[in-house]
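Take a look at the structure set out below.
Rule-based calculations on the coordinates, nothing more; no lab input. Just so we're clear, the structure is a prediction, and the values are computed from it rather than from any experiment. Backbone-built Cβ (ideal geometry, glycine too); neighbour counts: all protein chains shown.
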Amino acid sequence: MANPNRLVILGPPGSGKGTQAKLLAKNHGLVHISTGDLLRQNILKQTELGKQAEAVIAQGGLVRTRLIFEMLLDLYEEEKDYVDQFILDGFPRSVKQAEGLSNFLDQKGKPLTRVVQLMLDDEAIVERLVNRRTCPKCGRSYHLISAPPKTPGVCDDDGAKLNWRKDDKEKVIRRRLKTYHEETAPVVEFYQNKGLVVEIDGSQTLEEIQSRISSLLGFCKA
Ligand code: AMP
C-alpha cells in the first residue's frame, strides 16, 4: 500500500495554498479540507456559525478556535475515513490550533506526515489578491491581469458570474497579513521543531509549484 499522506499546507493568504491543495487532492486521492471554504459555505447558508464568522472574516481576523474545532469535528463525525489521507488548507492558523490538531491525530494514531510551507512576500500577495476573482460554482480562480476570464466577470468554464471576495480588498488583505505574521507564522516553527516542514517558493508558476511539491513528497508524476 502507498505511504499515507496526512498533510498541512501553510502559507500567507494568497500564496496559492487553496489552488495547490485542490490539485494535490485531485491528483493523489486526498481529501481536501479548507476551513475558509467551510466557513464561506456556512455564511452562504446563514447558519449560526456562518453568522458568527461573517464579521470576523470581513475584518481579516481569526474565527474563534472553539468554533473551528466544532466545525471540523462535525465533518469528522460524518466521514471518519478523512483521517487516513487528507490535506488541510487554512488550518491550523495558530499554535493553539496546531496543538489541538496534534493531540487529536495522535489519539487516532495517525499523525501528520508532512507540512508544506509556501513562501511569498507581502507586496506580491497584495497584488495577487486585489486582482483575484473566483467562480462561486466551480471554484476556478482568475487573475485580472495575468489570467483574466475571456469575458470580463464571467467564468470561462460554466458562465457563472465571478465573485470578488469581500476580504480581498486591500485594507482587509493587509489586516489578514498582519494576522498571519502574528498568529500563523509561529505555526511554521511549531512544525519545524517536529521536522515536518518542506519549504516551497510560492512565486513560481502553478505547475512548477505542483511538480516541486509532488517530488518533495515523493508522489509519482500525476
Ligand atoms: P482562507 O480562505 O483560508 O483565506 O480563510 C478566509 C478567512 O476565514 C480567514 O481570513 C479567517 O478569517 C477565517 N478562517 C479560515 N480558517 C480559519 C482558521 N483555521 N481559524 C480561524 N479563522 C479561520
Query raised in the report: Which aspartates and glutamates does K150 reach when only Cα atoms under 13 Å apart count, and residues fewer than 8 places away in its own chain are ignored?
Result: D158
Report task. Would you be so kind as to identify which of A160, A147, G100 lies farthest towards the positive end of the dipole of the chain, taking Lys and Arg as +1 and Asp and Glu as -1 on Cβ and the Cα centre as origin? Result -> A160
**Report entry** Dipole magnitude (debye, nearest 20) for region 105-222, charges at Cβ of Lys, Arg, Asp, Glu
**Finding:** 540
Report summary line: Counting every C-alpha pair in the chain, the percent lying more than 23 Å apart is 48
Requested in this report: Loop sites only, by DSSP: take the trypsin sites (Lys or Arg not before Pro) in the chain that have at most 11 other C-beta atoms within 10 Å and name the longest stretch containing none of them.
Outcome: 1-149
Report task. Counting only DSSP beta bridges with both residues in region 66-222, tell me the antiparallel percent, nearest 5. Result -> 55
Query raised in the report: To the nearest whole percent, what portion of all C-alpha pairs in region 14-60 is separated by more than 11 angstrom?
Result: 70
Query - Segment K194-R174, extension gain: residue separation times 0.36 nm, minus the distance between their alpha carbons - result: 4.2 nm
**Report entry** Magnitude of the charge dipole, the chain, Cβ model with Lys/Arg +1 and Asp/Glu -1, debye to 20
**Finding:** 400
Requested in this report: Just add up the charged neighbours of L44: K/R +1, D/E -1, any other residue whose Cβ is under 13 Å from the Cβ of L44.
Outcome: +4
